[in-house]
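Take a look at the structure below.
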Ligand SMILES: Cc1cc2nc3c(=O)[nH]c(=O)nc-3n(C[C@H](O)[C@H](O)[C@H](O)COP(=O)(O)O)c2cc1C
């Protein structure tokens, strides 16, 4: 990831919401990983689903074209470049053209929406047409993060590492607690249930309640936020490090999750709940068994969410992220025109009412990119053969420890 000095896996995205396309570059994936665009499109489809999305999702049916880095179905070690066309661009050809002749072909946006990058971005970048800010701050960009994350997931799956997510709260409706103590098997079951829910919630009653709540918000012209959990299974002990602030895996995950549009809180394991309990209640005590089938150190609890001292400890990684309600509302919010300085009630544009289910898929992608980076950092190599060899040797060593 580009933000951290030790990063081996770097990525960038570019593209405006109504521009021609989103593009993404991912560098650091070893050669010989089997990869094709259907692997990526399946994840893009998951991001587009979920009850509570707006009209845009009906226009876009995302497909990632692989422009470079793959030959005959396998990566070749060079940077991967992906392109996702914005199908809505056909309605914005002049309005979003790079050609100066079309300047003024659509009216400037001068009314900043509360809760968006609009006002701060216009001031910071010296813009009097807020479109020059909102086009990039839009969560449309997360489609490319999901595409790049799909590559990271494919890479991780070769090492038996899986990333999934589910929604545990929308507005005030909470699912019964599927929290940090779940085993790998339980996490997979929860995930499978979530995949069949319109709001990606594994609890059927809560799922129904969430849909009703979203329907109510739609009628009222209001919006909702939510909370989702991301889990990682199969990560070996020792990803990340305690030795420097920017190598700590919990810190890297928190930044990655927090960077998603509208995510305002991230917790690892028990998170905030830990702060209100005593030490004897929350530390995951260490046990050892010598016998087969899985001899070695083990824990009976996972309050730490799989990370201690900035490193994986072999338990499932559990991260929770809180999303604020969607800031664009049909109900007008007070704001002030940046040119006339007149107050107005913020105008409504087509928008999601609740995007927590989609955000959870974006959360998976960001998590996968961080974990893939940590795997490459620890087991680095230029080909999948080399990384797999290093990975297997390390697992043998851990068994003997
Ligand atoms: C998947 C996803 C979809 C979103 N859809 C919308 C939307 O339709 N309308 C909207 O106003 N905000 C939407 N947002 C949230 C805004 O992009 C975000 O609140 C805004 O860019 C300001 O950033 P901040 O909330 O991180 O400060 C969405 C966020 C995500 C993750």
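The values are calculated or read from the model by the stated rules, or taken from the named source; none is laboratory data. As the structure is a computational prediction, the values presented were derived from the model and not from experiment. With ideal geometry, Cβ positions are generated from the backbone for all residues, glycine too; neighbour counts draw on all protein chains shown.
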Would you pick out the residues in the range 252-275 that are more than 16 Å from the ligand (Cβ to nearest atom) and under 15 Å from residue 369 (Cβ atoms)?
252, 253
Output the number of the condition that residue 159 fails; it satisfies all remaining conditions of (1) within 30 Å of residue 185 (Cβ to Cβ); (2) surrounded by fewer than 21 Cβ atoms within 10 Å (Cβ to Cβ); (3) within 14 Å of the ligand (Cβ to nearest atom).
(3)
Residue 147 fails exactly one of (1) away from the ligand (no atom under 16 Å from the Cβ); (2) touching a strand residue (DSSP E or B) at 6+ places or on another chain (Cβ under 6 Å); (3) at pLDDT 95 or above, namely (1)
Would you confirm whether any residue within the range 56-64 is over 20 Å from the mean Cα position of the chain (by Cα) and within 16 Å of the ligand (Cβ to nearest atom)?
yes
Residue count, the range 86-118 (criterion: within 15 Å of the ligand (Cβ to nearest atom) and in contact with a strand residue (DSSP E or B) (Cβ under 8 Å, 6 or more places away or on another chain)):
5
Within the set of pairs 6 or more residues apart or between chains, which connect a residue that is at positive phi inside the range 192-217 to a residue that is part of a helix (DSSP H, G or I) and surrounded by 13 or more Cβ atoms within 10 Å (Cβ to Cβ) with Cβ atoms less than 6 Å apart?
200/194; 200/357; 200/360
Any residue that is more than 16 Å from the ligand (Cβ to nearest atom) and crowded, with 22+ Cβ neighbours inside 10 Å - is there at least one of those in the range 220-228?
no
Which numbered condition in (1) without any contact (Cβ under 8 Å) to a residue 60 or more places away in the chain; (2) touching a strand residue (DSSP E or B) at 6+ places or on another chain (Cβ under 9 Å); (3) within 29 Å of residue 298 (Cβ to Cβ) is the only one that residue 162 fails?
(1)
Quick one: how many residues across the range 294-326 are modelled with pLDDT under 95 and either within 16 Å of the ligand (Cβ to nearest atom) or closer than 19 Å to residue 364 by Cα (or both)?
0
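Yes/no matrix, rows are residues, columns are (1) at pLDDT 95 or above; (2) surrounded by fewer than 23 Cβ atoms within 10 Å (Cβ to Cβ):
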site: 136; (1), (2): yes, yes
site: 163; (1), (2): yes, no
site: 168; (1), (2): yes, no
site: 172; (1), (2): yes, yes
site: 175; (1), (2): no, no
Quick check on the range 122-142: of everything there that is near the ligand (Cβ under 9 Å from one of its atoms) and part of a helix (DSSP H, G or I), which residue is nearest to residue 372 (Cα to Cα)?
142
For residue 299, indicate whether it is out of contact with any helix residue (DSSP H, G or I) (no Cβ under 6 Å at 6 or more places or on another chain) and farther than 30 Å from residue 195 by Cβ.
no
With the structure loaded, tell me whether residue 102 is farther than 30 Å from residue 251 by Cβ and at pLDDT below 95 or whether it fails that test.
no
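Return the only residue of 80, 119 being over 18 Å from residue 19 (Cβ atoms), over 23 Å from the mean Cα position of the chain (by Cα) and surrounded by 17 or more Cβ atoms within 10 Å (Cβ to Cβ).
Working: 80 fails: over 23 Å from the mean Cα position of the chain (by Cα).
The unique qualifying residue is 119.
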Matching option when the condition is within 16 Å of the ligand (Cβ to nearest atom) and either touching a residue at least 12 places away in the same chain (Cβ under 8 Å) or touching a helix residue (DSSP H, G or I) at 6+ places or on another chain (Cβ under 6 Å) (or both), among 381, 345:
345
Just one listed residue, out of 62, 88, is under 15 Å from residue 138 (Cβ atoms) and outside any loop (DSSP other than H, G, I, E, B), and it is 88
